[in-house]
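Notes follow the structure.
Every number in this text was worked out from the coordinates using simple rules, so none of it is lab data. Everything numeric in this text was worked out from a predicted model, so none of it was measured. We place every Cβ from the backbone using ideal geometry, glycine too, and count neighbours over all the protein chains shown.
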Amino acid sequence: MTLGSSKTIGGIGAILIFIGVLPLFSGSGIISLIGLILVLIGAKGLGDYYKEGGIFNNALYGIITAIVGAIIAVAVAFIALVSLFTDLGLTLMNIQDYSALSAIDWQSVGMNAIGSFLGSVLVVVAVIWIFAIIAAIFIRKSLGLISTKSGVGMFGTTGILILAGAVIPLLGLILIWIAMLLLAVAFFSVRPTPQQPMQPATQV
């Protein structure tokens, strides 16, 4: 893969992630996923060009960490939801039955079950937050290496924004969204490494 194709693929991928977040497009999740894959391909191409394996490896570790965190969070949320229904005596068969809901003793069992569920929600939020920070650290390392090798400082700025976005709740999502646009600009700003002029042979 050439430098030109790598930066183009990476830039297009970052744009797809950027627009995939917007609710204007149907299947935005698929658009973002395709964009993420293209960014990884672009990072792999740049890593090969600069002969720096850490560029792709750190990016891949970051994505894997985010996926693992999401899986754990979903599993904990599912278990908490099932536990809540069990404590309230609800099943898929009677959950739509108003009499089943009215029969719940909300002052004892009901409130305790909801309190336990809210505790589980906090655990889910904590898991997502911790794994997001770890993933952002890996991605920042990857972008930092690209910035050093390519001389495009915007990669480093993007990495800082992604890490800050992972650390700051809610508002951080806007920072990460903006970082995707900067990442696209950074990819398209990559230029070939100037060739060093050959030194003339020393005359003896």
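Test of understanding: extend the Cα→C-beta vector of residue 125 to 7 Å, then name every residue of the range 152-169 with backbone N under 15 Å from that spot. Correct set: 167-169. Peptides 8-15, 123-130, 164-171 ranked from most to least packed by the mean count of surrounding Cβ atoms within 10 Å: 8-15, 123-130, 164-171.
Counted by neighbouring Cβ atoms within 10 Å, the residues 56, 155, 117 run from fewest to most as 117, 56, 155. Once the Cα-Cα distance is subtracted from the 0.36 nm per residue extended length, the residue 185 to residue 72 segment shows a gain of 37.3 nm.
Label-to-label distance, residue 82 versus residue 168, with points set 7 angstrom from Cα along the beta-carbon direction: 3.9 nm. Protection proxy ranking of 73-81, 131-139, 39-47, by the mean of other Cβ atoms within 10 Å over each peptide's residues and highest first, is 39-47, 131-139, 73-81.
Please identify which residues in the range 152-172 have an amide N closer than 19 Å to a label point set 7 Å out from the Cα of residue 133, following the Cα→Cβ vector. Answer for the range 152-172: 159-172.
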